[in-house]
Amino acid sequence: MDLKTILRVKRPLRFIDTHTLKLISFSQYGDRLSQIRYAILSHQWKDGEEANFRDYSKLTSDTEDMDSEMKMSIWNQSGYQKIRNACAEACQSQIPFLWVDTCCINREDIRELSRDIQLMSAFYENSTVCYVYLMDIGNSSQDSSLHPAKAFYKSSWFRRGWTLQELLAPHTVKFFDTNWNQIGFRSSQTPNHDLSQAICQTTMIPTSILSSTSEFTCTLRRVSITDRISWALDRECTVPEDRAYSLMGILGAFIEPRYGEGVEMAFERLEAAYLEMHPENNWQAFGERGKSLYNVVMQKDHTIPPYAILSHRWIEGEEVTLQEYSSNPISDETQRKSGFQKILKACALAQKDNLTFLWVDTCCIDKENLEELSQDIQSMYAYYKNAKVCYAYLLDVGQSSEKYSHQAFFHSGWFKRGWTLQELLAPRALEFFDAKWNYFGSKENLSEPIFQATTIPDIILSGQFPISDVPMMERMCWAVARQTTKEEDLAYCLMGLLGAFIEPKYGEGIERAFQRLGKVHVQLHPESQDELGTEGEGLYRKICDDHKGVKKVRDSENYMIVGH
């Protein structure tokens, strides 16, 4: 079923007049939704507080006999206040109509409800602007030291199923806190208003998608089906079947909602609808043969189980390769390597943390497979970010007569390596261990010596200030004084931190690697063209120059860069 067929259902399209607050029906528009100029509200429902079609119609009707005191009491309910505030915002922008899912759909009319659920992505795509109301950001329960713009990415709005298409489908998305103060835009040419980097960090949706000016459906065609599905993982819906129905716009496949059929059946019908439209994909759309859309989205096949990850420095000739670790039995020579003992120790820690799996960069990558190696290098930041816990092994701390002191800690060579920068910043939980695998501390309680070693403030280490909000050149400078065995890795190890990815080409040289990285960054952020050049050719030189004079200053509430 396509959208044109869905729109021909003989039911009116309802909108709120932003001046009078009354419901208006547009039955004559048929399938011409794009001809109506309207704003749309994205929000989380609050049980018992939302305005339904029947009650809202009575409240705004001229013929309904309702005293002013009762009307005021109803308007003061949070669901109605949202509508009034959204209408006021639309009026300021001279937008005549507003669409809200709570009261613009008559849920007592099953055919209308079915049509509008299938049309949901179209409602958002055709809107002039989408107002996202984050009721859990900016109120007294939040950390008062954080400005809403620094805290908004923690909103539970980002964990709801329906909000994925509400984030991606509209041309313009504007975020507001609980007091209807503007936070910023999904994407904006004005840096102070641009939230794309923070959204990318939260959702793993690339900034190139968030900032795309193409139509929603055209933008999604450029994205693989597996990537689109990955954005929907770990989201929640109040009604189980909505986990499937909320993906219709994302997949471009539409089915009639049947609440009560069960979530697995809903996914089965959605999968069939998608494969009917894209028979060339067959099972490849959802991974290896035998998987289903239901298993992938609901993670029933546990393809990505909870896991720990190891961060460490490599020792020449002592690390264990995939081939050595996969041999049966593992040779005595391999087991004598210090790298093998690291794996055993890290596995023991994971078991104590009730984690069944561990990822180690030495033996979990087939380095003889160049395609796999390239993909895993580009995915390295994601590996560390998605781990439940990261164990950092400092082989040069706690040896011989050294005391367990912060001085020994921040002098560790671990802080001087290129790849360990993202291994420090990406994990949510990071624990440090000395040479004898004694627990030394966590990223949180060692923030002071880490700052001394890296100049990265604790407000960033703790995640209170998004890395994406740190100026790009400053992120780059964190890596300049670090060392890598292969010179190109100094550029490649920054891919995850910048959200810009290039295929590794060892042998190209460090300047060429930085130029390619800079070029991709300029493509994603055209505003940096004057600074970096159209081809990113000045990136490496500028990093080296800037690194000489940048002084980092830490503040309890803000992160600043001063001095040259």
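Could you sort out which of K342/K486; K345/K505; K154/K345; K337/K388; K154/K542 sit more than 30 Å apart by Cα distance in this structure?
In this structure, K345/K505; K154/K345; K154/K542 exceed 30 Å between Cα atoms.
Going through region 340-387, which GluC sites (Glu not before Pro) have at most 15 other Cβ atoms within 10 Å and a DSSP loop state?
E368
Expressed in nm to one decimal, what extension gain is obtained for the pair A382 and E511 from 0.36 nm per residue of sequence separation less their Cα-Cα distance?
43.9 nm
Using the Karplus equation 6.51 cos²θ - 1.76 cosθ + 1.60 (θ = phi - 60°), what ³J(HN,Hα) coupling, rounded to whole Hz, does each residue of region 71-80 give in order, writing x for Gly and Pro?
For region 71-80, the Karplus curve yields 4, 5, 4, 6, 4, 7, 5, 4, x, 7 Hz.
Where does each of 376-385, 84-93 land if you order them by average Cβ count within 10 Å, highest first?
376-385, 84-93
Starting from region 389-471, pick out the trypsin sites (Lys or Arg not before Pro) whose DSSP state is loop and whose Cβ has at most 12 other Cβ atoms within 10 Å.
On the way: sites: K403, K416, R417, R428, K436, K443; in loops: K403, R428, K436, K443.
Those satisfying the criteria are K403, K436.
Going from most exposed to least, what order do F501, F152 have by accessible area with a 1.4 Å probe?
Working: F501 100, F152 0 Å².
These residues rank, largest area first, as F501, F152.
Suppose the chain between M277 and R84 were pulled fully straight at 0.36 nm per residue; how much longer would it get relative to their current alpha carbon spacing? Walk me through the intermediate numbers first.
Working: separation 193, 0.36 × 193 = 69.48 nm, distance 4.09 nm.
Length gained, M277 through R84: 65.4 nm.
Ranked from highest to lowest mean number of other Cβ atoms within 10 Å per residue, what is the order of the peptides 240-249, 267-276? All intermediate terms of the calculation are to be shown ahead of the outcome.
Details: 240-249: 23.1, 267-276: 18.2.
So the order, starting with the most tightly packed, is 240-249, 267-276.
Estimate the FRET efficiency between S34 and R221 by the formula 1/(1 + (r/R0)^6), using the beta-carbon distance for r and 30 Å for R0, to the nearest 0.05.
0.95
Once ligands and nucleic acids are excluded and a 1.4 Å probe is used, how much of H43 is accessible, expressed in Å² to the nearest 10?
H43 has an accessible surface of roughly 10 Å² with all protein chains in place.
Pulled fully out, how much extra length does the chain show between C91 and L113, if you take 0.36 nm times their separation in residues and subtract their Cα-Cα distance?
Separation in residues times 0.36 nm, less the Cα-Cα distance, equals 5.1 nm.
Which value in nm describes the separation of the simple spin-label points at D366 and Q182, placed 7 Å from the Cα toward the beta carbon?
5.3 nm
Run the simple label-point estimate for D234 and N192 please: 7 Å along Cα→C-beta, distance reported in nm.
Using points 7 Å along Cα→Cβ, the separation is 3.3 nm.
By the gyration tensor of its Cα atoms, with a ≥ b ≥ c the square roots of the eigenvalues, what is the shape of region 355-459: rounded for a/c under 1.5, prolate for a/b over b/c, or oblate?
Note, shape of region 355-459 comes out prolate.
Between the DSSP loop rule and a limit of at most 16 other Cβ atoms within 10 Å, which trypsin sites (Lys or Arg not before Pro) in region 154-223 are left?
Answer by residue number: R222.
Taking amide H atoms as placed 1.01 Å from N in the peptide plane, list the residues 5 or more away in sequence, or in a different chain, whose amide H sits under 5 Å from that of W359.
A308, I309, L310
The values are calculated or read from the model by the stated rules, or taken from the named source; none is laboratory data. Please read all numbers here as calculations on a predicted model, not as lab measurements. When we count neighbours, we look across all protein chains shown, and the Cβ atoms used for this are built from the backbone with ideal geometry, even at glycine. Only protein heavy atoms, including side chains, enter the accessible area calculation; ligands, DNA and RNA are left aside. Shrake-Rupley method; radii C 1.70, N 1.55, O 1.52, S 1.80 Å.
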